[in-house]
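The values are calculated or read from the model by the stated rules, or taken from the named source; none is laboratory data. No experiment lies behind these values; they were computed from the predicted model shown. Cβ placement follows ideal geometry from the backbone for every residue including glycine, while neighbour counts extend to all protein chains displayed. Ligands, DNA and RNA are excluded from the accessible area calculation, which covers all protein heavy atoms including side chains. Shrake-Rupley method; radii C 1.70, N 1.55, O 1.52, S 1.80 Å.
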Amino acid sequence: MKFKVFIFLFILQLTYGQKTENNNLVKFNHDIRVNAIIPSNFGANFLAEANDGKLGIGTNFSFLRIHNFKLGAGYDYIPYSTTDITKAGNIDGAHYHTAYGNISYEIKILEKLNIEPYFGIGDVRLKFSSSDKSFGKQTGNNIRIGFNTDYQLAKRLSVFLGLCYLHSNLDINTSPEFVSFYDNAKLIQLNIGLKIH
C-alpha cells in the first residue's frame, strides 16, 4: 500500500509538470512539517484498553499545489507500552507505524496565520515487541481527517498546532468473539511542530 501511494503521487506530479511551466495552475510545493505527536486512543479496542501511548513523531511533505489544494505524503511513529497483559498478551509494548498520502487546503486567516484542513489514507504496521525481541505484527489501513494551524515566524518557517482523528482497520486472525476488539484502533492526535516552506 505504501509503495502504491508513493507511485501514484509521483505519476500525478509528472502528469502536471507541463502545466506548471505554462500557466502556473499546478506548482511544485515544498512544505515540510516535523512534529511531536501526543496520542489519545479511545473506544473498545486493545490499543485503548490495554496500552498507554507515548510521545510520538511525525513528518509530512506537501510536494504539489493546485490553487490552495496541496498533495502530500507523511509518516507517523507512536510507541505504546502494555498496561494489561490479559488483553494485550505478555509483551512489553507495540510500535505504531503509518505511511500515508493526503490532500490539504490552505486557508489564510491573517497575514501570518493559516488554517489547513486535510484528509488522508494510509498503510498501518503495528509491531509488537518484548525485551528488544519482535513478537509479530498486524497490518492494515487507515483514514485521517484533521487540521493544522500555522503561525509564521519567519519567511520560510512557521510553528504549527494540529488535531487529527485517525481510524485504523487492522487484519486479525482470532476467534470471532474477539475480532472486534483487535481489528481496529481509534486515535486523536495532538500535533505540535515546525513547518519549513
- request: Highest first, please rank the peptides 129-136, 71-78, 152-159, 164-171 by the mean number of other Cβ atoms sitting within 10 Å of their residues.
  value: 71-78, 164-171, 152-159, 129-136
query: Between region 125-197 and region 64-118, what is the C-alpha centre distance in whole Å?
result: 6 Å
Protection-proxy order for peptides 33-39, 49-55, each taking the mean of Cβ atoms within 10 Å per residue, highest first: 33-39, 49-55
task: Report relative contact order for region 122-197 in percent, whole number only (criteria: Cα-Cα under 8 Å, sequence separation at least 6).
output: 28 percent
field: Degrees between helix 2-15 axis and first principal axis of the chain (Cα, 0 to 90, nearest 10)
entry: 10 degrees
statement: Carbon plus sulfur, as percent of the 1.4 Å-probe accessible area of the chain, comes to 62 percent
- line: Ordering 79-86, 57-64 by per-residue average of other C-beta atoms within 10 angstrom, highest first, gives 57-64, 79-86
- prompt: Under a straight-distance cross-link criterion of Cα-Cα below 19 Å, which aspartates and glutamates are reachable from K54, leaving out those fewer than 8 residues away in the same chain?
  reply: D76, D84, D92, D132
query: If the viscosity is 1.567 mPa s and the temperature 4 °C, what translational diffusion coefficient in µm²/s does Stokes-Einstein give for the chain when Rh comes from Kirkwood over Cα pairs?
result: 72 µm²/s
- prompt: Which ³J(HN,Hα) values, rounded to whole Hz and listed in residue order, are derived for region 134-140 from phi using the Karplus coefficients 6.51, -1.76 and 1.60 in 6.51 cos²θ - 1.76 cosθ + 1.60 with θ = phi - 60°, glycine and proline given as x?
  reply: 7, 10, x, 7, 10, 10, x
- prompt: For region 50-197, with every protein chain kept in place, what is the accessible area per residue (1.4 Å probe, Å²)?
  reply: 52 Å²
